[in-house]
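Data block below; observations after.
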Amino acid sequence: MNAKSAGVLVGIVIGLIVSFFAIKFFNRDGKIRTEYDEMQEIIRGKAYRIAFFTLVIALAILLVLDIMEVALPMTNSVLYFGLIVIGIAVQAGYSILNGAYFGLNNNKAKFWGVMITVTVINLLVSIMAIVSGRMVVDGKLQDPCINLLCAALCGVIAIFSVIPKKADEE
Amino acid sequence: MKNLKLKAARAGLDLSQDDLAKRVGVSRQTISAIEKGDYNPTINLCIKICKELGKTLDELFWQED
C-alpha cells in the first residue's frame, strides 16, 4: 500500500465516521435510524428496486464495452464512483419525486444546509483541480473528478428536495 | 378514486393535512395521497385516522356502488 492508497483509505474511514454523526444531526430526535411511514416504505422499496436494475444495466453495458476492448477515458476510481452516483441518484430521485426521501424525524433545513455545504466544498476542490490541470491527464478523467461527481449529486439532491412536486400537492 | 369523505371529515374539524398527519404519525404526503386516491392505507392506518376524526371505518373508507 503506497502513501496515496493509505490517504484514500483514511479519507473513506473519516467520511464514514462523519456520515454517521451527520445522520444523527439530520434527525430531529437525535436518533440514527430515520423513520418512514408505511407509504414511504413502499415507495423507497420501489426506488431501491429501480436503482438496482439501473445498476445491473449499467454494469452490463460496461461488461460489453470491456469485451469489445473499448477503453473508457477515466480512471477505475472515477468509473466505480460514477456507478455509485448513478445508483444513489436514481434511488434518491425516485424517492424525492414521490415524497419518500425525507423521513418523519428528518430536519429538512439542516439536511439542505449540509448538502449545499458539501456541494460547494466539492465544487471548489474540482475547480482547483481543473485550474491546476489535475482533472484530465493524457485524455483520461482523473480522481479529482470524483469531487465533481459528488458536487453534482449533492447539488441535484438539494435542488430537487426544495422544488415543488406532485407528491407535495395538498 | 378520490376519498372526499376523508377530506370533508378533516376539514370539518378544521385540521390541515399536516395536522392530521402528525396526529396519526405519517407524512403529509401520505395523507394527501390517500385523499387523492393514489394510495390505499393499511387497516391500522385507517383505524388511526378514524379515531382521530371521530368517524367509523364505514363512514370514511366504505365505497358506495
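In this structure, does A:Y36 turn out to be surrounded by 10 or more Cβ atoms within 10 Å (Cβ to Cβ) and in a loop (DSSP other than H, G, I, E, B)?
For A:Y36, the condition - surrounded by 10 or more Cβ atoms within 10 Å (Cβ to Cβ) and in a loop (DSSP other than H, G, I, E, B) - is met.
Output the residues belonging to the stretch A:131-147 that are more than 14 Å from A:V78 (Cβ to Cβ) and either surrounded by 14 or more Cβ atoms within 10 Å (Cβ to Cβ) or within 14 Å of another protein chain (Cβ to nearest Cβ) (or both).
none
Tell me which residues, restricted to the stretch B:1-18, are surrounded by 15 or more Cβ atoms within 10 Å (Cβ to Cβ), in a helix (DSSP H, G or I) and not hydrophobic (A, V, I, L, M, F, W, C). So that I can check it myself, show each step before the final result.
Initial filter on the stretch B:1-18 (surrounded by 15 or more Cβ atoms within 10 Å (Cβ to Cβ)): B:3, B:5-7, B:9-10, B:15, B:17.
Keeping just the survivors that are in a helix (DSSP H, G or I) gives B:5-7, B:9-10, B:17.
Residues satisfying the conditions are B:K5, B:K7, B:R10, B:Q17.
Can you tell me which condition A:M39 does not meet? The list is (1) within 14 Å of chain B (Cβ to nearest Cβ); (2) under 21 Å from the mean Cα position of the chain (by Cα), and all the others hold.
(2)
Of all residues in the stretch A:61-103, count the ones that are assigned to a helix (DSSP H, G or I), more than 14 Å from chain B (Cβ to nearest Cβ), hydrophobic (A, V, I, L, M, F, W, C) and touching a helix residue (DSSP H, G or I) at 6+ places or on another chain (Cβ under 9 Å).
12
When you look at B:C46, is it away from chain A (no Cβ under 14 Å) and modelled with pLDDT of 95 or more, yes or no? Please lay out each step first, then the result.
Details: away from chain A (no Cβ under 14 Å): no; modelled with pLDDT of 95 or more: yes.
Criteria not met by B:C46.
Looking only at residues that are assigned to a helix (DSSP H, G or I) and of a type in the set (V, I, T) in the stretch B:45-65, which one is farthest from B:A33 (Cα to Cα)? Walk me through how you get there before you give the answer.
Residues of the stretch B:45-65 that are assigned to a helix (DSSP H, G or I), as a first pass: B:45-53, B:57-61.
From the residues that got through so far, the ones that are of a type in the set (V, I, T) too are B:47, B:49.
Details: B:I47: 17, B:I49: 14 Å.
Checked the stretch B:45-65; the qualifying residue farthest from B:A33 (Cα to Cα) is B:I47.
Tell me yes or no: at least one residue of the stretch A:51-59 is within 30 Å of B:T30 (Cα to Cα), modelled with pLDDT of 90 or more and loosely packed, with under 14 Cβ neighbours inside 10 Å. Outline the logic, then answer.
Let us first name the residues in the stretch A:51-59 that are within 30 Å of B:T30 (Cα to Cα), namely A:51-55.
Keeping just the survivors that are modelled with pLDDT of 90 or more gives A:51-55.
Okay, now just the ones that are also loosely packed, with under 14 Cβ neighbours inside 10 Å, so A:52-53.
Scanning the stretch A:51-59, I find at least one residue that is within 30 Å of B:T30 (Cα to Cα), modelled with pLDDT of 90 or more and loosely packed, with under 14 Cβ neighbours inside 10 Å, so the answer is yes.
The values are calculated or read from the model by the stated rules, or taken from the named source; none is laboratory data. Nothing here was measured: the structure is a model prediction, and the numbers come from that model. Cβ coordinates were reconstructed from backbone atoms using ideal geometry, including for glycine residues, and neighbour counts include every protein chain displayed.
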